[in-house]
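Structure first, commentary second.
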Amino acid sequence: MGRETIDVARAAGREVVGVVDDGPSPADLDRLARLGVAYLGDLDGWLSSGSTAPWVVAVGDPALRRRLAARLAAGAAPAPALVHPEATLGSDVLVGDGSIVCAGVRVSTHVRLGRHDHLLAGAVVGHDVVVGDHVSINPGAVVSGTVHVGADTMIGAGSIVLQQLTVGARSVVAAGACVVRDVTDDVVVRGVPAR
């Protein structure tokens, strides 16, 4: 997610100062170098540096993203929303701080995206949807109109959530699933129909 986020930030006209990572692999460091992006060290070091640079958390796991965002929010600059210019957002769409909206995403009208959400390439969000904080809507997923998605939830690649449903907090909709009824908190659903 980190390198995708670099692309979104640059396309949105943001300068990328660098990347903070507690354990980058040699391959990750090589890829950053090829992108011309500095490795700034681990999170503790960056926080103790007193940096006032804006930041986003480019970590796919919603629960980990929530914990990292809380640590960063305690002492750093605000987290901007990053929206790729090739994403389509309808009228009256609110994108929460720290959220990342990738190229090819389609968001309809009257949508509320929470803080630190990730909407990845090809995701579609219908009208009047409310998405909680720290949610991942993965590539090709479709969230139909008037759906409520709880915080810290993962909507898997290629999955479909039908209209007027609720997907509970901290739940996972597996890749390719079709959700036809409400999903409670703290569960994993998969299949067609999703169970």
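Structure notes:
- Candidates Val124, Val129, Val149: the one that is of a type in the set (Val, Ile, Thr), over 14 Å from the mean Cα position of the chain (by Cα) and under 21 Å from Val95 (Cβ atoms) is Val129.
- Hits in segment 119-153 - residues which are closer than 18 Å to Glu4 by Cα and either in contact with a helix residue (DSSP H, G or I) (Cβ under 8 Å, 6 or more places away or on another chain) or in a loop (DSSP other than H, G, I, E, B) (or both): Leu120, Ala121, Gly122, Ala123, His134, Val135, Ser136, Asn138, Pro139, Gly140, Ala141
- Within segment 187-194, one or more residues are in contact with a Ser or Thr (Cβ under 6 Å, 6 or more places away or on another chain), more than 23 Å from Val101 (Cβ to Cβ) and of a type in the set (A, V, I, L, M, F, W, C).
- The number of residues in segment 5-51 that are under 22 Å from the mean Cα position of the chain (by Cα) and exposed (fewer than 12 other Cβ atoms within 10 Å of the Cβ) comes to 4.
- Single residue of segment 86-107 satisfying the filter (touching a Ser or Thr at 6+ places or on another chain (Cβ under 9 Å) and not in a strand (DSSP E or B)) that is surrounded by the fewest Cβ atoms within 10 Å (Cβ to Cβ): Ser91
- Residue within segment 19-37 that is in contact (Cβ under 8 Å) with a residue 60 or more places away in the chain, part of a loop (DSSP other than H, G, I, E, B) and closer than 21 Å to Asp117 by Cα present: no
- Counted residues, segment 52-67 - those being crowded, with 21+ Cβ neighbours inside 10 Å and not in a loop (DSSP other than H, G, I, E, B): 2
Per-residue answers, yes or no, for (1) farther than 20 Å from His84 by Cα; (2) at pLDDT below 95; (3) of a type in the set (Val, Ile, Thr):
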| site | (1), (2), (3) |
| --- | --- |
| Glu4 | no, yes, no |
| Asp7 | no, no, no |
| Val17 | no, yes, yes |
| Asp22 | yes, yes, no |
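- Of all residues making up segment 38-48, the number that are farther than 18 Å from Val59 by Cβ, touching a residue at least 12 places away in the same chain (Cβ under 8 Å) and either assigned to a helix (DSSP H, G or I) or touching a Phe, Trp or Tyr at 6+ places or on another chain (Cβ under 6 Å) (or both): 0
The values are calculated or read from the model by the stated rules, or taken from the named source; none is laboratory data. These numbers were taken from a predicted model, which means no experiment stands behind them. Cβ coordinates were reconstructed from backbone atoms using ideal geometry, including for glycine residues, and neighbour counts include every protein chain displayed.
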